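Structure first, then comments.
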Amino acid sequence: MLHTRRRMPLTLALIALLGTALAVVPAGTERRAEAAPATFAHPGVLVSRAQLDFVRGKVNSNAQPWRQAYDQMMGSRYASLTRAPKPRAVVECGSYSNPNLGCTDEREDAIAAYTMALAWYITRDNRYADKAIQIMDAWSAVIVDHTNSNAPLQTAWAGSTWPRAAEIIRYTYTGWPNVNRFATMLRNVYLPEVINGNTTSNGNWDLSMNEATLGIAVFLEDRSAYDRAVTRFRNRMRAYFYLATDGSVPYGPGGGIDTPSEIINYWQGQSTFVDGLSQETCRDFTHTGYGISSATHIAETSRIQGQDLYPEFTDRLRHALGLHSKYQLGTAPPSWLCGGSLHLGLGPITEVGFNALNFRLGIGMTNTQTLTLNQRPAGTNNLFVAWETLTHAANPN
């Protein structure tokens, strides 16, 4: 569900942001906010120092599956030390990447920066840290805006990945003179585009925008932005993943999607609801995978920051992972589910949630486990998911 928007000049956008800083979430869906941490943990976006140390030890001892996952990452184009970043002042992204003016370049440069940051931490080879800095500096020197209908989603995908790279480099490497310019880029170019979320588009948009907001908030140590991301996350989770305890129909996201008929239409016409069903299940599993991935990334970052959201959403996440893994593995869908026809393609998105719920919390997740093991090593979707077997397989930290 895409829409064309009229863009505001950057200064006006910032004014508008300030004017809406206390805006509430959609009517009927507002839930309590949770205070941001008094002291932020760094590095602390998706991966912590303890997690990174665990990974480094496993790779350097040639333990599996981490060594295989590391070799996969290092053999990818994202780990090439000859990579030349391709920054643009204005990245223009239309529906289904038409037009695509810098969209792929931006997303993949962000993944490359994150890849280099991971490579630096594991190898301690300065060349990788310096290459990550080169890529991040190239973009922070140039970019001023994102435009066209996919601007919010594009900003969210790149804005989810940049802070992961930046957190590792900033807090484990010395010698990043332009770090403050990079922080200004995140605050002025990315945060205004994602902080208010997106109520009425398909829910993977809002979750991706939440993920970017939270990661940027951690890097900037912006407690207000952090709180807003968590509030929107809580609202979206119950409007995206169904549980029988929600009632006969899922919660609506608001924004004019409130009645049972409006909600069923929003859920792609699906009128039978079971635990773990997603608002986008009957659209396709690929977009559903984006939503699951962002949800687990947000929960993982919040846990690192000392505010563990997993217990609050354990049932929604475990059922969502289990249901979609079951059908991704080949179980034939019943006729009541999406008319008996599913569009598969979940992607490499199960590792973070599986590690959190199964390995750390001890919850049995047979279908998710089977799919996760079958997909190892999980690579990248070339959008915002990358190398999660490496970073989160059986990671106790």
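Provide the net charge surrounding residue 117, with neighbours chosen by a C-beta distance below 14 Å and charges set as Lys +1, Arg +1, Asp -1, Glu -1.
Around residue 117, the charge tally is +3.
Please check which bits of region 139-164 a label hung off residue 224 would reach, taking the label as a point 7 Å along Cα-to-C-beta and the cut-off as backbone N under 16 Å.
Counting only backbone N, you get no residues.
Amide H neighbours of residue 145 under 5 Å, at least 5 residues apart or on other chains, H built in the peptide plane: list them.
Answer set, sorted by chain and number: 91.
What do the square roots of 5 times the Cα gyration tensor eigenvalues come to for the chain, in whole Å, largest first, as semi-axes of the equivalent ellipsoid?
Listed largest to smallest, the semi-axes of the chain are 30, 26, 19 Å.
For region 212-218, what does the Karplus curve 6.51 cos²θ - 1.76 cosθ + 1.60, with θ = phi - 60°, yield as ³J(HN,Hα) per residue in whole Hz, taken in order and with x for Gly and Pro?
Using θ = phi - 60°, the values come out as 4, 4, 5, x, 5, 4, 5 Hz.
Once you list every other residue whose beta carbon is under 14 Å from the beta carbon of residue 68, what net charge do they have if Lys and Arg are +1 and Asp and Glu are -1?
Result for the neighbourhood of residue 68: 0.
May I ask you to evaluate 6.51 cos²θ - 1.76 cosθ + 1.60, the Karplus curve with θ = phi - 60°, for each residue of region 358-369 and list the ³J(HN,Hα) values in order in whole Hz, giving x for glycine and proline?
The phi angles translate into 8, 6, 7, 9, x, 7, x, 9, 4, 5, 5, 5 Hz.
For residue 131, go through the aspartates and glutamates and keep the ones whose alpha-carbon is under 12 Å away, minus same-chain ones fewer than eight residues off.
109
Quick check on packing: order 385-393, 225-233, 306-314 by the mean number of other C-beta atoms within 10 Å, highest mean leading.
385-393, 225-233, 306-314
Put +1 on the Cβ of every Lys and Arg and -1 on every Asp and Glu Cβ in the chain; which of 368, 272, 69 then has its Cα farthest towards the positive end of the dipole?
It is 69.
Report ³J(HN,Hα) in whole Hz for each residue of region 326-343, in order, from the Karplus equation J = 6.51 cos²θ - 1.76 cosθ + 1.60 where θ = phi - 60°; Gly and Pro get x.
Listing the rounded values in order: 4, 7, 4, 6, x, 4, 6, x, x, 5, 6, 9, 6, x, x, 10, 10, 9 Hz.
Where both residues lie in region 45-392, what percent of DSSP beta bridges are antiparallel, nearest 5?
65
May I ask for the net charge around residue 77, where only other residues with Cβ less than 14 Å from the Cβ of residue 77 are counted and Lys, Arg are +1 while Asp, Glu are -1?
Within the 14 Å Cβ shell, the charges total +1.
Can you sort 161, 147, 39 so the residue with the fewest Cβ neighbours within 10 Å comes first?
By the 10 Å Cβ count, ascending, the order reads 39, 147, 161.
None of the figures in this text is laboratory data; all of them are computed from the coordinates on show. What you are looking at is a predicted structure, and each value in this text was computed from that prediction instead of being measured. Because the Cβ atoms are built from the backbone with ideal geometry, glycine has one as well, and the counts that use them run over all protein chains shown.
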